[in-house]
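Taken together, the values in this text are just the output of simple stated rules run on the coordinates, not laboratory data. In this text, all values refer to a predicted model and were calculated from it rather than measured experimentally. Cβ sites come from the backbone with ideal geometry, for glycine too, and all protein chains shown count toward neighbours.
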Amino acid sequence: MEREVKITTPYIALGQLLKLANLIGNGGEAKFFLQTERVLVNGEVDQRRGRKLYPGDLVVVKGGTYRIAS
């Protein structure tokens, strides 16, 4: 199931998305999470918690799909 994540800024960092999706409790957990879990951003594996996500980007992680929307 695809979930839409609405943002009011031009972009959101991947670490922030993980927090919004309740996959991590705080930003400090993002680095470890990204090293241990497979995260796809627009079909490519990405481990950078600071990766900028823009409206239209698609993130797949732990069986969930998140589309960034403005």
Cβ-Cβ under 7 Å, sequence separation 6+ or interchain: first residue in segment 26-44 and in contact (Cβ under 8 Å) with a residue 12 or more places away in the chain and among the acidic types (D, E), partner surrounded by 13 or more Cβ atoms within 10 Å (Cβ to Cβ) and not in a helix (DSSP H, G or I). Which pairs? E37/V61
From the residues in segment 36-56 that are among the acidic types (D, E) and closer than 18 Å to K19 by Cβ, which one is surrounded by the fewest Cβ atoms within 10 Å (Cβ to Cβ)? E37
Listed by first then second residue, the pairs whose first member lies in segment 4-20 and is loosely packed, with under 15 Cβ neighbours inside 10 Å, whose partner is of a type in the set (S, T, N, Q), with beta carbons under 8 Å and at least 6 positions apart or on separate chains, are K6/S70; T8/S70
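A quick yes/no check of all residues on (1) farther than 21 Å from E4 by Cβ; (2) in a loop (DSSP other than H, G, I, E, B); (3) acidic (D, E):
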residue: G25; (1), (2), (3): yes, yes, no
residue: E29; (1), (2), (3): yes, no, yes
residue: Q47; (1), (2), (3): yes, yes, no
residue: G50; (1), (2), (3): yes, yes, no
residue: V59; (1), (2), (3): no, no, no
Could you check how many residues of segment 10-23 are in contact with a Phe, Trp or Tyr (Cβ under 7 Å, 6 or more places away or on another chain) and assigned to a helix (DSSP H, G or I)? 2
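Name the single residue that is surrounded by the fewest Cβ atoms within 10 Å (Cβ to Cβ) among those in segment 57-70 being farther than 13 Å from N42 by Cβ and free of Cβ contacts under 8 Å to residues at least 60 places away in the same chain. Give the steps one after another, and end with the answer.
Let us first name the residues in segment 57-70 that are farther than 13 Å from N42 by Cβ, namely 62-64, 69-70.
If we keep only those that are free of Cβ contacts under 8 Å to residues at least 60 places away in the same chain as well, we get 62-63.
On the way: K62: 11, G63: 6.
Only one residue fits best here, namely G63.
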